[in-house]
Every structure is written in structure tokens, then in C-alpha cells.
1. Kirkwood Rh and Cα-based Rg: tell me the resulting Rg over Rh for the chain, rounded to two decimals.
2. Once label points are set 7 Å from the Cα along Cα→Cβ at both residue 19 and residue 88, what is their separation, rounded to one decimal in nm?
3. Expressed in nm to one decimal, what extension gain is obtained for the pair residue 62 and residue 74 from 0.36 nm per residue of sequence separation less their Cα-Cα distance?
Amino acid sequence: MNVNISQETIWLGVGFIGQALFSARFIVQWLKSEKEKKSVFPVAFWYFSIGGGVTLLAYAIYRQDPVFILGQASGLFIYFRNLYFVTHERKQRNELTE
């Protein structure tokens, strides 16, 4: 069986995967908030944000879309920074309890 998948089809798949990862972060956040009965952002939210952001940035670069590239690159900085805050806070909390 000889399947000829074009580069365009592969990049379209990358775009859809990135969008799925990016959308999954809201599902994770919603389920965690429902469980705790308040608005919370679990660490998984930031990991899905980064995974989706990186994938969508790659897709935007392939498409050569400067608006999309700027938006995703800016978002990635914020996602990594928030993940740093979460891990730094946990580290400090662990040091206080030791």
C-alpha cells in the first residue's frame, strides 16, 4: 500500500493537533474548577498551553503568518512564566515544610 501524504496535509494535521492541545487546557481547567467549586488553574493547564502554543507556533511559521506567529510567541512567554511561578511556589512551600 503506497500512501502519498503531502506536506500540506501533514502541516494541516500539526495545526489540528496544536488546536486540540490548546483547547484541552480549558477542559482540564473547567473540570478541576468544578471539582473544587472555585476557579483554579491546574499545572496541566500550563502544560497544555505550552504544548498547544509550540505546535501552533510551528504551524504559524510554516504558514508564514506574522500575526499568528506573534500571538503564539507572546503567549508562550506567558505560559512558561506562569509555569515557573507555579513550580517556584511549590518549591518554596516544600522548603518551609522541611
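Laboratory data are not the source of any read-out in this text; all were calculated from the coordinates shown. Because the structure is a prediction, the values reported are computed rather than measured. Using ideal geometry, Cβ is built from the backbone for each residue, glycine included, and neighbour counts are taken over all protein chains shown.
1. Here the Rg-to-Rh quotient is 1.13.
2. Label-label distance for residue 19 and residue 88, simple model: 3.5 nm.
3. Working: separation 12, 0.36 × 12 = 4.32 nm, distance 1.73 nm.
Taking residue 62 through residue 74 to full extension adds about 2.6 nm, to one decimal.
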